Amino acid sequence: MEFHHIPVLFDEVMEWMQPRADGVYADGTLGGGGHSEGILRLSGGTATLYGIDRDEDAIRAASERLKIYPGFHAIHGNFHDAKALLTAAGAPPLTGALLDLGVSSHQLDEGERGFSYHEDAPLDMRMDRSEGLTAAEYLARVTPEEFRRILTDYGEEKWAARIAQLFAEKRAQKPIETTADLVAVVDAAIPKAVRRKDDGHPARRTFQAVRIAVNDELDPLDRALEDFVDCLKPGGRLLVITFHSLEDRLTKRCFQRLQNPCICPPKAPICTCGRKPKVRILAKGAVPPTEEEVARNPRARSAKLRVAEKL
């Protein structure tokens, strides 16, 4: 299947990134290369851009798409390790960096990847299929208590206890190995009246929770954001696109802490902790997609863009 990805908040990313000739950029979630192509094109083709992705399909597709730009460098790896990856690639301090934390359209649409609750397929969900447990392997090992926790913490699922209970019962009868198996657990756990009123597919929160757990998406995020800030040169900007409240809160709080790191008591007359601000927050909070973009691409509905500039 051809790698297909619709870059969300494209115009907003270009506006805040302000690509410049001979700039040095990193796209920590390369995907299909749509945002990266925009940065390289608007720089006049003279920028250097390091594109990082865990998905080897994305690396191949973006490398083909961006081969006309001599400054493009593809790196197979996890953006959580960006500082080490960029150092190994010999990257100088960055003019800008972008993270698009969503699952790509290609990953959702390619049934065999197991990300989608709309198609019956083996439960994989790994962003990097060369390593780690598949979702099926993870679900075979996870305890019902831990499964309930991830549904609550990662999926913000109100029916977590009931889903975890039904999950344990059905797994005792047969392994949960396909997307249809997991959807069936959710359908059995959530009453029909509730499912009918749900704004969206009732299994979406469960699939989100399992995907986050399988790919360890949230725990290293805070450190990764700080590492990207460290990789920027003064005046460089870090742009982060989030798609659900968990990662958006983490990003917001990290930016706030880096902007105001002082830990002195509020009533202290002077700062004695010595912690200095590293960034200033731009865009006055989160930038949402336009109504026109959501109409064109419904998957952009929950997207938010946050921007910080290194001091």
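The values are calculated or read from the model by the stated rules, or taken from the named source; none is laboratory data. Since the model is a prediction, treat every value here as computed from it, not as a measurement. FYI the Cβ positions are ideal-geometry reconstructions off the backbone, even for glycines, and counts take in every protein chain you see. Surface areas here come from the heavy atoms of the whole protein model, side chains and all, with no ligands, DNA or RNA. Shrake-Rupley method; radii C 1.70, N 1.55, O 1.52, S 1.80 Å.
Test each condition in (1) closer than 22 Å to residue 103 by Cβ; (2) modelled with pLDDT of 95 or more; (3) small (Gly, Ala, Ser); (4) open to solvent by 60 Å² or more (accessible area, probe 1.4 Å) for residue 180 and report the one that comes out false.
All conditions are met except number (4).
Where the second residue is of a type in the set (Gly, Ala, Ser) and part of a helix (DSSP H, G or I) and the first is touching a residue at least 24 places away in the same chain (Cβ under 8 Å) and open to solvent by 10 Å² or more (accessible area, probe 1.4 Å) and lies in the range 241-257, which pairs have Cβ atoms under 8 Å and are six or more apart or on separate chains?
Note: no pairs meet the criteria.
Within the range 155-197, how many residues turn out to be assigned to a helix (DSSP H, G or I) and among the acidic types (Asp, Glu)? Please lay out each step first, then the result.
Step one: list which residues in the range 155-197 are assigned to a helix (DSSP H, G or I), which gives 160-173, 179-189, 192-197.
If we keep only those that are among the acidic types (Asp, Glu) too, we end up with 169, 181, 187.
Counting residues in the range 155-197 that are assigned to a helix (DSSP H, G or I) and among the acidic types (Asp, Glu) gives 3.
Report, by residue number, each residue of the range 260-295 that is without any contact (Cβ under 8 Å) to a residue 40 or more places away in the chain and among the basic types (Lys, Arg).
Across the range 260-295, the qualifying residues are 267, 275, 276, 280, 284.
Across the range 150-176, what is the total count of residues that are surrounded by fewer than 16 Cβ atoms within 10 Å (Cβ to Cβ) and in contact with an Asp or Glu (Cβ under 9 Å, 6 or more places away or on another chain)?
Final tally of qualifying residues: 2.
Quick check on my filter: what residues within the range 198-214 are assigned to a loop (DSSP other than H, G, I, E, B), without any contact (Cβ under 8 Å) to a residue 60 or more places away in the chain and either of a type outside the set (Gly, Ala, Ser) or open to solvent by 50 Å² or more (accessible area, probe 1.4 Å) (or both)?
If the condition is that a residue be assigned to a loop (DSSP other than H, G, I, E, B), without any contact (Cβ under 8 Å) to a residue 60 or more places away in the chain and either of a type outside the set (Gly, Ala, Ser) or open to solvent by 50 Å² or more (accessible area, probe 1.4 Å) (or both), then 198, 199, 202 are the ones that fit.
If we keep just the residues of the range 123-145 that are touching a residue at least 40 places away in the same chain (Cβ under 8 Å), among the hydroxyl-bearing types (Ser, Thr, Tyr) and in a loop (DSSP other than H, G, I, E, B), which is most open to solvent (accessible area, probe 1.4 Å)?
Among residues in the range 123-145 that are touching a residue at least 40 places away in the same chain (Cβ under 8 Å), among the hydroxyl-bearing types (Ser, Thr, Tyr) and in a loop (DSSP other than H, G, I, E, B), the one most open to solvent (accessible area, probe 1.4 Å) is 130.
Scan the range 62-86 for residues that are under 22 Å from the mean Cα position of the chain (by Cα) and part of a helix (DSSP H, G or I) and jot them down.
Hits for the range 62-86 are 62, 63, 65, 79, 80, 81, 82, 83, 84, 85, 86.
Which is of a type in the set (Asp, Glu), part of a loop (DSSP other than H, G, I, E, B) and within 22 Å of the chain's Cα centre (by Cα), of 293, 247, 217, 309?
Numbers: 293 fails: part of a loop (DSSP other than H, G, I, E, B); 247 fails: part of a loop (DSSP other than H, G, I, E, B); 309 fails: part of a loop (DSSP other than H, G, I, E, B).
Within the list 293, 247, 217, 309, the selection yields 217.
Is there a residue in the range 38-55 that is open to solvent by less than 70 Å² (accessible area, probe 1.4 Å), under 21 Å from residue 217 (Cβ atoms) and part of a helix (DSSP H, G or I)?
No; the residues of the range 38-55 include none that is open to solvent by less than 70 Å² (accessible area, probe 1.4 Å), under 21 Å from residue 217 (Cβ atoms) and part of a helix (DSSP H, G or I).
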